[in-house]
1. For the range 110-150, give me each residue that is at pLDDT below 90, of a type in the set (A, V, I, L, M, F, W, C), touching a strand residue (DSSP E or B) at 6+ places or on another chain (Cβ under 8 Å) and assigned to a helix (DSSP H, G or I).
2. Among the residues of the range 37-58, how many are surrounded by 14 or more Cβ atoms within 10 Å (Cβ to Cβ) and either of a type in the set (Gly, Ala, Ser) or touching a Lys or Arg at 6+ places or on another chain (Cβ under 9 Å) (or both)?
3. Mind checking which residues of the range 114-125 are surrounded by 15 or more Cβ atoms within 10 Å (Cβ to Cβ) and over 20 Å from residue 72 (Cα atoms)?
4. Would the range 92-108 turn up any residue that is among the charged types (D, E, K, R) and either in a helix (DSSP H, G or I) or closer than 29 Å to residue 227 by Cβ (or both)?
5. Would you mind finding the one in 35, 10, 6, 39 that is of a type outside the set (Asp, Glu), in a helix (DSSP H, G or I) and within 25 Å of residue 223 (Cβ to Cβ)?
6. Can you name the residue in the range 126-146 that is within 10 Å of the chain's Cα centre (by Cα) and either loosely packed, with under 15 Cβ neighbours inside 10 Å or charged (D, E, K, R) (or both) and, of all such residues, is nearest to residue 100 (Cα to Cα)?
7. With among the aromatic types (Phe, Trp, Tyr), within 20 Å of the chain's Cα centre (by Cα) and closer than 28 Å to residue 222 by Cβ as the only criterion, which of 48, 18 stands out?
8. Do the conditions hold for residue 77, that is, is it open to solvent by less than 40 Å² (accessible area, probe 1.4 Å), free of Cβ contacts under 8 Å to residues at least 60 places away in the same chain, acidic (Asp, Glu) and not in a strand (DSSP E or B)?
Amino acid sequence: MERDELECFLLLADELHFGRTAERMRLSKARVSQLVQRLERRVGAPLFIRTSRRVALTSIGRQLRADLAPHHHAIEEALERAAATARGIESVLHVGFSNPLTGEIVMKASEVLRVSHPGLAVEVCEVPLGDPYGQLRRGEFDVQLTELPVREEDLGGGPPLLAEDRVLALPAGHPLAGRDTVTLEDLATVPLLTLAGEVPDYWLEHHVPARTPSGRPIERGPGVVNMQEGLILVAAGRGALLAPAHTATYYARPGITYVPFTDAAPT
């Protein structure tokens, strides 16, 4: 197996989206398809199920991913250690962050560490919405700054570092967009975009509740895997999105109005 086939397969297995895989590899979608097809010919069986609506791993694809991922990670770490040694770096701390605000906190902390620990390099990466704990479990992150709640028995945690209010991202033309505030009961009047991927039930309920406090059902809209995709759908009128208040600053864009809640628990 050639390295480009390996990296393409593992990236597509994580993203389950040809466009995002192509973007991350800086290749065309056609080239990604070619690499996947070449690997499938090498294996002798399909590795992905492709439809107009979704991409999924076959059982053989899942098996290959489970077998390859640890070895690929070990190779990447070995190369990284060699390069770090050449730069005079003694160790590398891998940090995941869940949104732009936590990313800024991570970068400021990294600058402090760079001065006090010159032999320590910090590598940072954003955590995908659709897989909040996968990279941490696979050892790709040493520590992750993420939104609560976290109820995973195999993951340790520290105290909250900050709290902020929540807002509802709405299409600018929606009736709720003209309000100064909204309540959780208002969610019964607009579909909420849901999260696609390896998402625990309690995590999904936190971000996309199924019912209002009084028990009224909340319609669920299309599934998204990252914030940019979600906001594109919001602007297109496909649904609304629950988000931390900083989203209004970091993701201000035409076609979207952010309205604060009066009764939602802070993030």
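The values are calculated or read from the model by the stated rules, or taken from the named source; none is laboratory data. Just so it is clear, the model here is predicted, and its values are computed rather than measured. Glycine gets a Cβ as well: all are built from the backbone with ideal geometry, and neighbour counts include every protein chain shown. These area figures cover heavy atoms from the full protein model, side chains too; ligands, DNA and RNA do not enter into them. Shrake-Rupley method; radii C 1.70, N 1.55, O 1.52, S 1.80 Å.
1. Answer for the range 110-150, where residues must be at pLDDT below 90, of a type in the set (A, V, I, L, M, F, W, C), touching a strand residue (DSSP E or B) at 6+ places or on another chain (Cβ under 8 Å) and assigned to a helix (DSSP H, G or I): just 113.
2. Adding up the residues that qualify gives 2.
3. Result: 120, 121, 122.
4. Within the range 92-108, the subset among the charged types (D, E, K, R) is 104, 108.
This time we only want the ones that are either in a helix (DSSP H, G or I) or closer than 29 Å to residue 227 by Cβ (or both), so: 104, 108.
Yes, the conditions are met somewhere in the range 92-108.
5. Details: 35 fails: within 25 Å of residue 223 (Cβ to Cβ); 6 fails: within 25 Å of residue 223 (Cβ to Cβ); 39 fails: within 25 Å of residue 223 (Cβ to Cβ).
Selected residue: 10, the only one of 35, 10, 6, 39 that is of a type outside the set (Asp, Glu), in a helix (DSSP H, G or I) and within 25 Å of residue 223 (Cβ to Cβ).
6. Selected residue: 126.
7. Numbers: 48 fails: within 20 Å of the chain's Cα centre (by Cα).
Only one candidate qualifies: 18.
8. Values: open to solvent by less than 40 Å² (accessible area, probe 1.4 Å): no; free of Cβ contacts under 8 Å to residues at least 60 places away in the same chain: yes; acidic (Asp, Glu): yes; not in a strand (DSSP E or B): yes.
Taking the combined requirement at face value, the residue does not satisfy it.
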